[in-house]
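Data block below; observations after.
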Amino acid sequence: MRIVPFKYKYNMGEEMEMKEKVEKGAMGSTETTTKDKILIFGGTGYIGKYVVKASVSLGHKTYVYARPISEKTSLSKLQLHKEFQSLGVIIVQGELDEHEKLVTVIREVDVVIAALAYPQVLDQFKIIDAIKVAGNIKRFLPSDFGCEEDRVRPLPPFDNFLEKKRRIRRAIEAAGIPYTFVSANCFGAYFVNFLLRPYDQPDHILVYGSGEAKAICTIKVANDPKTCNQVVIYRPQTNVISQLELISLWEQKTGRTFKRVHIAEEDLVKQAKTLPHPENIPISILHCIFVKGETMSFRLNENDVDASKLYSDFQFSTIDQLLDIFLFDPPRPAIAAFE
Ligand code: NAP
Ligand code: EMF
């Protein structure tokens, strides 16, 4: 159990009472008596839009803090704003350095979730400052959603990336803000799409290293009173798969045969050393996940919450189901921002 320093204004007693009610089964596995209001930063992004829709569908009054619409705003983002509004989402337009505005909107809600892009990770200090001033937030989920940064030590370009996320975690703990850190591993279909590229229909597939290391590919998000001040790790057994197994499964689905083009570990290490920033980051991520198998490399400890055990009645989307979707409706490849 982590000890939360008593600096933060929010009354942890209330949260513990809620936790107790849930543990006693008074509310079903994922229900709460009062629906928390949720504010999402980065809600228009690749991961964020799923978080916003999940929040709405679970019945939470949902707020999105988004940069102001301007003539530079893309059509797809405008459409997403409209879709959110039609779902009843309250969009607050603002910049992350508008402190007073941040404090005002944070005072309106109970839970804050950040799904900001990687280049905005350190901007979360501005959110932390506003949460400290507001003093009412029951839970903050920072923009993690990837490898368990406190337990992996990848090549330097990815380690420097993760170090920024670690700094945010430490600042949240030091401020005594109730938190949930979500380690979602290969999340939201991002990597399965990245590896197989069903939209482009290639005749070959790149395999990083031998292709035998196992990786965890998760698809859904979650957030629960039982996870206060815990690290939630996504490890559904159905979604632990090696690259070679993934390619074989895809071959069975498509009835095609793909040439496997292996990229040796030494080449990845060399590229991580020689490519300029930020191109050296994705190479180091691929090395970490697919060559070193880091999403599976450590045991969960008693403070960890395994999302697949927490929601035993919830069916995680499996890789098999995802490939069925890819077969009939291949998504465009997503590219995460690195600068
Ligand atoms: P993203 O789509 O690139 O961006 C998310 C949002 O960040 C954008 O919609 C935008 O919101 C906001 N943003 C972008 N540039 C900004 C700027 N200059 N100033 C202020 N806000 C800005 O992010 P993402 O790829 O979903 O990544 C979210 C998190 O998930 C990151 O921590 C990333 O590392 C992680 N991730 C994990 C995986 C995985 O497989 N595990 C995959 C992808 C991402 P507005 O325009 O609405 O302001
Ligand atoms: O684009 C990515 O990788 C390309 C090879 C990055 C966005 C993905 C990511 C994954 C993580 O863990 C699986 C970012 C941060 C992570 O911790």
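Rounded to the nearest 0.05, the FRET efficiency derived from the C-beta distance between D97 and A174 at R0 = 35 Å is 0.95. Within the chain, the proportion of C-alpha pairs whose separation exceeds 28 Å stands at 44%. Size descriptor for the range 244-287, Kirkwood hydrodynamic radius: 12.2 Å (Cα pairs only, one decimal).
Among beta bridges from DSSP that stay inside the range 133-275, the antiparallel ones total about 20%.
Here the Kirkwood formula, the inverse mean of 1/r across different C-alpha pairs, assigns the range 59-194 a hydrodynamic radius of 16.3 Å. Per residue, the convex hull spanned by the Cα atoms of the range 148-297 measures out at 121 cubic angstrom. Normalising the Debye intensity of the range 34-95 to I(0), with uniform scatterers on Cα atoms only, and taking log10 at q = 0.21, 0.24 Å⁻¹ returns -0.76, -0.98. Taking 4 °C and 1.567 mPa s as conditions, the range 62-137 diffuses translationally at an estimated 97 µm²/s according to Stokes-Einstein applied to its Kirkwood radius (Cα pairs). Derived from the Cα gyration tensor, the three semi-axes of the equivalent ellipsoid of the range 170-210 are 37, 12, 6 Å, largest first.
For the chain, averaging the sequence separation of C-alpha pairs within contact (under 8 Å, six or more residues apart) and dividing by the residue count gives a relative contact order of 18 percent. What separates the Cα centres of the range 229-302 and the range 162-226 is a distance of 10 Å. Considering helices alone, the calculated mean residue ellipticity of the chain at 222 nm is -11000 deg cm²/dmol, with DSSP H runs of length four and up weighted by -39500 (n - 2.57) and normalised per residue.
The percentage of C-alpha pairs in the range 273-339 whose separation is greater than 19 Å is 64%.
A viscosity of 1.002 mPa s and a temperature of 20 °C, combined with the Kirkwood radius over Cα pairs in Stokes-Einstein, give a translational diffusion coefficient for the range 113-185 of 171 µm²/s. The orientation-averaged projection of the convex hull spanning the C-alpha atoms of the range 209-339 amounts to 10.2 square nanometres.
If you model the range 207-284 as an ellipsoid using its alpha carbon gyration tensor, with each semi-axis the square root of five times an eigenvalue, the axes come out at 29, 23, 10 Å, biggest first. For the range 162-217, GluC sites (Glu not before Pro) are listed when DSSP marks them as loop and at most 15 other Cβ atoms sit within 10 Å of their Cβ; the list is E212.
Here, each number is a calculation from the coordinates, and none is a lab measurement. Source: prediction; values computed, not measured. Every residue, glycine among them, receives a Cβ derived from its backbone with ideal geometry; neighbour counts consider all protein chains shown.
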